[in-house]
Amino acid sequence: MKIAGIDFPKPLLDALRDGTLVVFAGAGVSKGKPANLPKFRDLALAVAQETGEELGEHETEDRFLGRLKQKGVNVHERVREELSRNDPKPTQLHRDLLRLYSGPRPIRVITTNFDLLFEQAAEDIFDSKLEVFRAPALPLGREFNGIVHVHGAISHPLDMVLTDADFGRAYLTEGWARRFLLDLFRSFTVLFVGYSHNDTIMNYLARALPVDETGGRFALTNETDAARWRLLGIEPIIYPASTDHKNLYNGVKGFANYAARGILDWQREITDLAEKRPSLNEEEMNLIEEALSDVVKTRFFIEAASSPEWVDWLDKRKHLDGLFGVGELCERDKLLAWWVAKKFAHENADTLFLLIGRHGIRVHPELWFQLASTVGLSKDPPLDANILSRWVSLLLLTAPAHPDEHLLQCLGERCIEAGLLGSLIEVFIACAKSHLEIKPGFTSSGENTDDQHPPIYVELSSTHSLHELNELWEKGLKPDIDHVAEPLLARVVEHLAAQHRRLCAWQAATRDYDSSSFCRSAIEPHEQDEYYEPISVLINVARDCLEWLVSHRPEAAARWCGQLVDLDAPLLRRLAVHTLCKREDLTPNEKIDWLLTCMDLHDTSAHHEVFVFLKQTYPEADSKRRKAIIKAVHAFYWPIEEEEDKEELAAYRHFRLFHWLHSADQDCPFAKEALDDVLKRYPDFRPRDHPDHLSWHGTRSGFQSPWTDEE
């Protein structure tokens, strides 16, 4: 994130927010005014004054100080005096580094400096003293708070780590500095301030930097040679060089201001930026990026951002990717889903259309819910019809496996209000969809079953209620049946055929039977169908559309009859026979010819419709067609060859049909003769109360089958 011209990496910001940041301060922090303290090299040269000794060309400062001590120079006391000269005061950098923390308790500052300026600054800022540790009595590196003088402090000059011998004890023989730092670097994210990569102290610190199992390590530096830092396992954060390190001071001050922002400050800044278009400078954009990493700050953004350009801006930066994926959304992504839908689905729909298009025409269920809620529930102001039509198309295309039925219903209502019949058909079919349920099957007692392949039972269950589906038909489509009859019929037929194929795939249906057809006693309104399943609405729709075509477009009705009778789905063949009964473009003789040519008179699935057809048509037919019907009845034989009573069972089928034909026209000699012939052979045959139904459920007698026990 760009702050005051310095690009602070996200892991550093995360550590600051999570309370795992440690500031590691070097001599550069105390160099500026009013501290004016020297760096280690200048300190070593100051100690050597008036000794006649000079720092060698390739000699390190610690070795030089060690050589001075061997010659009798009181190195530790001279350093204390030098660092106490002129009463140094904390710099703004000291204060700003401490301001990174919200109070004295969470402060974690480590310094290789010997001065006590951090302690002074803490008293000024927090009006309290911090816990202070100094070498060699260091705390646990994995758990501490306060200020740690890892190389000692001027308050105890003899313990200060200055000479090569001191460094050897600290990092090698006694190793207390190394142990502390190893634990520290493994437990915390560390920010180095006031060091250069070739400092003597930094070279010693490098010996304590573990190769792996570390938190992040970063260094504020104006050195552009990033490779030297990375060799130490440290990521450089570059700030522009200046003679007075002003850029460093400004950067740390901005970083501290960032850390000190209260929630109201964030709200004010984010709101000011979000109300504009996303043509901001890099630092402002970084602030928005940071806001989007936090749920509370994201709320500030979505409440203020209303320009559609923000949608593209967020999408390019991958902030919206979660809205087009799978899995559970985080709270922030749920907020963005709400924002995208509520702010732009109406006034800037094209922006969202393009957004969804870029993501492969798929949306997360949460985004789908928010979009469908916005489009389906918003009545005032109403959506433009063209925009609504596009939304309906897109929402149906991207709907989850089990979409909210209420929202689909609302989309249908918006289509009704806008007069979008084509879109309404699509919503209706979507509401009519069913899902496959696979359950353990049942076996009769004593029946052998294969344990590895237990019986299963499947059924298609509707995802929407009967009432809502019927509302769309009765209030939206049926009043405009003259405009929708054929396209709606085509979709319903396609749906019913597909449903039958799914059942057949699981051996739960055949050409003669499926559960969808079994639950409907009759195509026409019937007392046994008073309580029916949602699929019955589809049957009613198909029936009413076919009947309208019969009355207004007989050639289309004829075409549909021819198509439906050839299909495997029992419901569709039943619809064909029902339509045949209603057709006025054919004479009774032509209807019988059509039925005997196109369909099996003994099609069990169309039992009721065939009986209704015969009752209506047989009395109006000529002798030739009546004889053809009698012949077709005689053609029936019992399909199970091994059945002992197959001849009697077939005869009872003949009896029922002949009795039905005789009841339809008692004056017909052909039906009477055929019926008498059967009764001569089987005088005990008796007609059923409802021979036109394979099963009957009465209010008093309960379920009654018109078939004998043998059948």
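Within segment 429-442, the set of residues being open to solvent by less than 40 Å² (accessible area, probe 1.4 Å) and either over 24 Å from HIS346 (Cβ atoms) or in a strand (DSSP E or B) (or both) comprises ILE429, ALA432, SER434, GLY441.
For residues that are closer than 23 Å to VAL193 by Cβ and of a type in the set (Ser, Thr, Tyr), scanning just segment 243-280, find the one that is least open to solvent (accessible area, probe 1.4 Å).
Among those that are closer than 23 Å to VAL193 by Cβ and of a type in the set (Ser, Thr, Tyr), it is TYR258.
Only one of the listed residues (TRP548, TRP506) is farther than 26 Å from HIS602 by Cβ, in contact with a strand residue (DSSP E or B) (Cβ under 7 Å, 6 or more places away or on another chain) and surrounded by fewer than 23 Cβ atoms within 10 Å (Cβ to Cβ). That residue is TRP506. SER605 - would you say it is part of a helix (DSSP H, G or I), farther than 25 Å from HIS659 by Cβ and among the hydroxyl-bearing types (Ser, Thr, Tyr)? No; evaluated as a whole, the condition is false for this residue. Candidates are the residues of segment 446-493 that are within 24 Å of ARG543 (Cα to Cα) and modelled with pLDDT under 75; the one that is farthest from the chain's Cα centre (by Cα) is HIS464. Where in segment 281-330 are there helices (runs of 4 or more DSSP H), lying fully within it, with 1 or more residues that are among the polar types (S, T, N, Q) and open to solvent by less than 60 Å² (accessible area, probe 1.4 Å)? Output list reads 282-291, 295-304.
Just the residues that are part of a helix (DSSP H, G or I) and touching a Leu at 6+ places or on another chain (Cβ under 9 Å), please, taken from segment 229-265. Before the answer, list the steps.
The first filter runs over segment 229-265 and keeps only residues part of a helix (DSSP H, G or I), leaving 229-231, 246-260, 263-265.
Result: LEU248, TYR249, GLY251, VAL252, LYS253, PHE255, ALA256, TYR258, ALA259, ALA260.
I need a count of the residues in segment 24-37 that are at negative phi and out of contact with any strand residue (DSSP E or B) (no Cβ under 8 Å at 6 or more places or on another chain). So the count comes out to 8. Taking the criterion of being within 22 Å of MET599 (Cα to Cα), assigned to a loop (DSSP other than H, G, I, E, B) and touching a Phe, Trp or Tyr at 6+ places or on another chain (Cβ under 7 Å), would at least one residue in segment 665-688 satisfy it? No: segment 665-688 contains no residue that is within 22 Å of MET599 (Cα to Cα), assigned to a loop (DSSP other than H, G, I, E, B) and touching a Phe, Trp or Tyr at 6+ places or on another chain (Cβ under 7 Å).
The values are calculated or read from the model by the stated rules, or taken from the named source; none is laboratory data. Quick caveat: nothing in here was measured; it's all calculated off a predicted structure. Neighbour counts are summed over all protein chains in view; Cβ atoms, including those assigned to glycine, are modelled from backbone coordinates with ideal geometry. Areas reflect the complete protein model, heavy atoms only, side chains present, ligands, DNA and RNA absent. Shrake-Rupley method; radii C 1.70, N 1.55, O 1.52, S 1.80 Å.
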